[in-house]
Amino acid sequence: MTPAADLAQVRARVRAFTGECLAAGDFVPRCDAWVSGFDLAFSKALGEQGLVGVTWPAEFGGAGMSSTARLVITEELLRVGAPVAAHWIGERQIGPSILRFGSRELQAEFLPAIMASDVSFCLGMSETEAGSDLAAVRTTARRDGSGWRITGAKVWTTNAHHATHAYVLARTSRGELKHEGLTEFIVDLKAPGVTVRPILDLAGEHHFNEMLFDEVAVPDRWVIGEVGEGWAQVTGQLSFERGGSERFLSTYPLLAETLGHAHRCGDRATIEQVGALAARVTALRSLAWDIAVSIDNGVAPVADAAKLKYLGPAFERDVLTTARYALDVGGPSDDGTLERLIAEAQVAVPGMSIRGGVSEVLLTLVARSETRS
Ligand SMILES: Cc1cc2nc3c(=O)[nH]c(=O)nc-3n(C[C@H](O)[C@H](O)[C@H](O)COP(=O)(O)OP(=O)(O)OC[C@H]3O[C@@H](n4cnc5c(N)ncnc54)[C@H](O)[C@@H]3O)c2cc1C
């Protein structure tokens, strides 16, 4: 585990960097910036500071730090609503999967590139008939000489229109059970046969996409791990996807702004509500800390990550409710920041309990783990 003094130093480094960026006007804090704040220049600058992929080994350009150090970094970035989407998926879960299961060749090819934001990943898991029931994926990959050909369709792919590469879960054989015969691939989104089509959200904004693959050629070296072992591998990856502080800090800029607005208006009731939210965020941080420690101990914290992913969106929904209450009671803000952040959260909050796994499925995971223990 990284000593507390070193963690404080890491936190100070991130604060200094984001403080400089804010002072220079490089970004404006926003809600859900890890999804909607796609800024390649910011991610590249963060990488140059050595603050992307810190847990990865030095031989691939990482700093060999603990997951708790990474947690400190992500907390500080989310706290100020920094535009981190360009590297988020690659650093959070594709890099760790490559590190865990990929060949040395694959590690050398992609880990430094993710750190430098020379590549940017999106997640090709969901399909029209395979969301909560992810093992039902129908996208297929067939052997073709020394490589593979992928055919199928993925939906709800966040930021596929910005990404250079996609992680794709595809069926390489049919087993007796649907969880068998799945394999994880990396796909170049510029390859012939790839079509990325926008899906606009309710607000008319473009984050989602449909990705169509028509006999897309993928080299064998871009298989992550073992052919046919995709299910076992992806379930570990979901712990990385669900167990981070982005599951409850996406609206932190709004929480801070709400408190400021309430103070300026002398609105005691909102200040008390924010106090209750602050207590909850402390509990959620503690859970995220335990998850980071488990990852450092080599354990995939499936149940704890599911708990965090269940509790986080409920917390963020309550942040939005409190902010709207503050606006009702205190009246309009001087510069429109509170209203803007509320509008951003309003669009993001409904999807929070769906993306990364719906709440009902997460509760099932937790219940199953409790009955096993
Ligand atoms: C904002 C956002 C971003 C996303 N980004 C991505 C992305 O980048 N890549 C990607 O691959 N996917 C992405 N998704 C898709 C997401 O992972 C799926 O929407 C999610 O897994 C649910 O699948 P589904 O939409 O098919 O709903 P379904 O699985 O059809 O579920 C619909 C409803 O049925 C109920 N239900 C389903 N299964 C169960 C069960 N076992 N027990 C109890 N109730 C159940 C629940 O009420 C659930 O809400 C994103 C989704 C959102 C909202």
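The values are calculated or read from the model by the stated rules, or taken from the named source; none is laboratory data. Note that the coordinates shown come from a computational prediction; the quantities given were computed from them, not determined experimentally. Here Cβ is always computed from backbone atoms with ideal geometry, including for glycine, and neighbour counts include all displayed protein chains. Note: accessible area is taken over every heavy atom of the protein model, side chains too, but ligands, DNA and RNA are not part of it. Shrake-Rupley method; radii C 1.70, N 1.55, O 1.52, S 1.80 Å.
Toward the positive end of the charge dipole of region 122-228, with +1 on the Cβ of Lys and Arg and -1 on the Cβ of Asp and Glu, the farthest Cα among 124, 182, 159 is that of 182. Could you identify which residue out of 261, 206, 165 has the top mean-square fluctuation in a GNM of the chain using Cα springs shorter than 10 Å? Per the Cα network of the chain with a 10 Å cutoff, 206 tops the list.
When the inverse distances between all different Cα atoms of region 1-137 are averaged and flipped, the Kirkwood radius reads 15.7 angstrom. The coefficient of translational diffusion for the chain, derived via Stokes-Einstein from the alpha carbon Kirkwood radius under 37 °C and 0.692 mPa s, stands at 154 µm²/s.
Here the accessible area is traced with a 1.4 Å probe on the protein chains. For region 122-228, carbon and sulfur cover 50 percent of it. Here the chain is treated with +1 on each Lys and Arg Cβ and -1 on each Asp and Glu Cβ, and its dipole about the Cα centre works out to around 480 debye. Compared with the dominant principal axis of the Cα atoms in the chain, helix 252-265 is inclined by about 10°. Between residue 368 and residue 293, the C-beta separation translates, for a Förster distance of 30 Å, into a calculated FRET efficiency of about 0.85. Simple rule: put +1 on each Lys or Arg Cβ and -1 on each Asp or Glu Cβ in region 4-119, find the dipole, and look at 53, 67, 14; the Cα lying farthest toward the positive end is 67.
In this simple spin-label model, placing a label point 7 Å from the Cα along the Cα-to-Cβ direction at both residue 15 and residue 226 gives a separation of 4.7 nm. Given the C-alpha centroids of region 44-73 and region 99-164, what is the distance between them in whole angstrom? Cα centres, region 44-73 to region 99-164: 23 Å.
Over the chain, what relative contact order in percent results from Cα pairs under 8 Å that are six or more residues apart? Relative contact order comes out at 16 percent.
How much of the accessible area of region 243-372, in percent, comes from carbon and sulfur atoms when a 1.4 Å probe is used? It is 57 percent, rounded to a whole number. By the gyration tensor of its Cα atoms, with a ≥ b ≥ c the square roots of the eigenvalues, what is the shape of region 160-300: rounded for a/c under 1.5, prolate for a/b over b/c, or oblate? Oblate, since a/c reaches 1.5 and b/c is not below a/b. Taking trypsin sites (Lys or Arg not before Pro) as exposed when their DSSP state is a loop state and no more than 16 other Cβ atoms lie within 10 Å, the longest site-free interval of the chain runs over 191-373. In the context of the full set of protein chains, the chain has a per residue accessible area of 43 Å² (1.4 Å probe).
Residues considered: 359, 245, 286. Largest GNM mean-square fluctuation over the chain, using C-alpha springs under 10 Å, is found at 286. Reported value for region 239-309: 69 Å³ per residue, from the convex hull of its C-alpha atoms.
Diffusion coefficient (Stokes-Einstein, Kirkwood radius over C-alpha pairs, 25 °C, 0.890 mPa s) for region 243-372: 157 µm²/s, rounded to a whole number.
Ordering 332, 308, 345 by the projection of their Cα atoms onto the charge dipole of region 243-372, which places +1 on the Cβ of Lys and Arg and -1 on the Cβ of Asp and Glu, puts 308 at the extreme positive end.
Seen against the Cα atoms of the chain and their longest principal axis, helix 104-115 is set at about 30 degrees. Basic side chains Lys and Arg get +1 at the Cβ, acidic Asp and Glu get -1 at the Cβ, and with that the dipole of region 4-119 about its Cα centre reaches some 280 debye.
Compared with the dominant principal axis of the Cα atoms in the chain, helix 268-296 is inclined by about 30°. Please work out whether region 122-228 counts as rounded, prolate or oblate from its C-alpha gyration tensor, where a ≥ b ≥ c are the square roots of the eigenvalues and a/c under 1.5 means rounded, while otherwise a/b larger than b/c means prolate and anything else oblate? Because a/c hits 1.5 or more and a/b fails to exceed b/c, region 122-228 counts as oblate.
Given +1 at the Cβ of Lys and Arg, -1 at the Cβ of Asp and Glu and no other charges, the dipole of region 199-277 around its Cα centre is 580 debye to the nearest 20.
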